[in-house]
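Okay, so here's the structure we're looking at.
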Amino acid sequence: MAYDKNNIFFKIIHKEVPSEIIIEGKYFIVIKDIKPKASVHVLVIPKGEYTDYGDFIERASSEEIFDFNKGIQLAIEKLQLKKGGYRLISNCGDFGEQEVPHMHVHVLGNG
């Protein structure tokens, strides 16, 4: 799948569309989900143009991959999800019900 710059996450990363930013790093951004499925529901999004997890792992630099994963951990810590637990979800393609064609991970918890 080719990357489409018209997706909402591209626009959020480039500050073309407002969003509630929780954390921003060199290679990632963490935002609140606009349709939460839990009391805490954020999205960790790499800033690079990657369509899904496979694309991210194949093409991202080691530094991007490390920083993105560190961003997930920072979100878990900031939102105090360690004690109660959390879920990490990355949907891919039609079967995976991916709605936005930009790699991202949902972090859900009860805070």
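No lab work stands behind these numbers, since they all come straight from the coordinates. Everything quoted here is computed from the prediction, not taken from an experiment. Note that we place each Cβ from the backbone using ideal geometry, even for glycine, and neighbour counts take in every protein chain shown.
Summary table below
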| item | result |
| --- | --- |
| Rounded to 10°, Cα long-axis angle of helix 62-78 versus longest principal axis of the chain | 30 |
| Cα Rg, Dmax (largest Cα-Cα span) when computed across the stretch 59-111, Å | 12.7, 34 |
| Cross-link partners of Lys47 among lysines (Cα-Cα below 18 Å; sequence separation of 8 or more within a chain) | Lys5, Lys11, Lys15, Lys26, Lys32, Lys70 |
| The stretch 1-72-the stretch 79-111 distance, computed between alpha-carbon centres (Å) | 11 |
| DSSP-assigned coil residues among trypsin sites (Lys or Arg not before Pro) in the stretch 1-103, each with at most 16 further Cβ atoms within 10 Å | Lys5, Lys15, Lys26, Lys37, Lys82, Lys83 |
| Kirkwood hydrodynamic radius over Cα pairs of the stretch 3-111, then Stokes diffusion coefficient at 10 °C and 1.306 mPa s, in µm²/s | 114 |
| For Leu79, residues with placed amide H under 5 Å, excluding near neighbours | none |
| Charge dipole (debye, nearest 20) of the stretch 1-68; +1 at Cβ of Lys and Arg, -1 at Cβ of Asp and Glu | 300 |
| Within the stretch 42-87: Cβ-based charge dipole about Cα centre, in debye rounded to nearest 20 (Lys, Arg +1; Asp, Glu -1) | 460 |
